[in-house]
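Nothing in this text is a laboratory measurement; each read-out follows from the coordinates by a stated rule. Model, not experiment: these values are computed from the prediction. For neighbour counting, all protein chains shown are included, and Cβ atoms are generated from backbone atoms with ideal geometry for every residue, glycine included.
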Amino acid sequence: MRIRTRGFGMLAGIALIVSACSGSPTPVPPTVAPSVSAPSVAPSTPPASVAPSSTPAPSFAQKPGLKIGVVTDIGTLDDKGYNEFSFKGAQDGATAIGVTDPVPSIVPKDASEYAADIQQFVSQKFDVIVTVGFNLTTPTVDAAHKNPNIKFIGVDQSPECILPTGAPDPNFACKGVPATALPNYTSLYFAEDQAGYLAGIVAAYADKGAATPTGVIGAIGGTTLCAPCVRYIQGYTLGAQSVNPSITVKSAYVTHDFSNAAFNDPAGGKAFAQTFIQANKPDVLFQVAGKTGNGVLEAACAANIYGIGVDVDQWASLGAPANACIITSAEKHVESAVAQAIEGIAAGTLTAGDVLFNAKNDGISAADFHDKASLFGPEVTTALNTAMAAMQAGTLVTCPATGCGVAP
């Protein structure tokens, strides 16, 4: 998963170092395989209210020919993850509002290029700039502050530490309110506990169906400081308990900081998971630790237990043989969220600040069972559909009433 968290905006300057790729604009879209998903989920808690903007946001309603550009995180455009689906969402949104020009993208070579790559689109007078992931929070906030006539969409960023003027706050006093200080900036965030809840339902049924059920399932998060990671696991626990109230859910976190070990250390994740599996004997293991979590899934498969992926459909993104034991993934529908945001800009309805995506607006789901479909009977689909309907109605709690997003 990406490093991102509501409540830790001051860490926006921290960037993960991953493989480099081209930093030049890419107007030709990649081929994107569709993600097949099980029922999606709604939020356990109502979205944070968005304060009205004190300064009018730029109006793009009915404006023909919007120029839309995407700056991804480092890596590749066709990563079957955040970069690819955010870009595809920008394409979908452009098509929906009648933009015929190609949507260009820039993939930074490293974190030092974020600001300059955003500036490329600013200099070319783009109307809408989409930036992808928590690591681009600070350069996006800075660009939005300096360019009030351009609309910025940040995927999974949620900046919370800015000056009242809207500029990034280097001293972390955090007295500015993004929704009012940056009326041209919208951050898209997701209800992780709901996706985790669905994954927990699947995990509990997988445990029931194991040859010799242990009555134990597990989850490993990257760091206790990652509130979305914690919410995923909290929802996972409640979802599993909705199927089997006596099930034991064991959880652990690789680290307690935002070091490389949390999200960018597959070898470390595998070693951590091996120790966890030996100690707890789970039938299912849910990873919430990005690339570190890929090592967790590798350890699960090697131990002949089931794995559950995170953020995107990891059965599709990892491919064979790495996906051999994955039964589902707790998904965020980044493609849909970005497309809806762009449509909202064109219609003049997209608000500033944080905008929550969940089942009510096609924001979250559990991924398809793919080659593990034979493991699950119709009662599993019924349980997922029932949970989804209750979440959409706002009658199902999927995160603790107190301490939601706070590690124990």
Can you tell me the alpha carbon radius of gyration of the stretch 235-383 divided by the globular rule-of-thumb value 2.2 N^0.38 Å?
-> 1.17
When the distances between all Cα atoms of the stretch 317-408 are binned every 5 Å from zero, what whole-number percent does each bin get?
-> 3, 10, 15, 17, 18, 17, 12, 6, 3, 0
Subtracting the Cα-Cα distance from 0.36 nm times the residue separation, let me have the gained length for Thr349 to Gln278 in nm, one decimal.
-> 20.4 nm
Per principal axis, largest first, the Cα atoms of the stretch 122-253 extend in Å by 62, 31, 20
Modelled label reach - Ala390, point 7 Å along Cα→Cβ, the stretch 243-278 residues with backbone N closer than 15 Å | 243-246
What residues have an amide H closer than 5 Å to that of Val130, excluding those fewer than 5 places away on the same chain, when H is modeled at 1.01 Å from N in the peptide plane?
-> Gly69, Val70, Val71, Ile153
Mean separation of Cα contacts under 8 Å, 6 or more apart, over the residue count of the stretch 246-360: relative contact order % | 18 percent
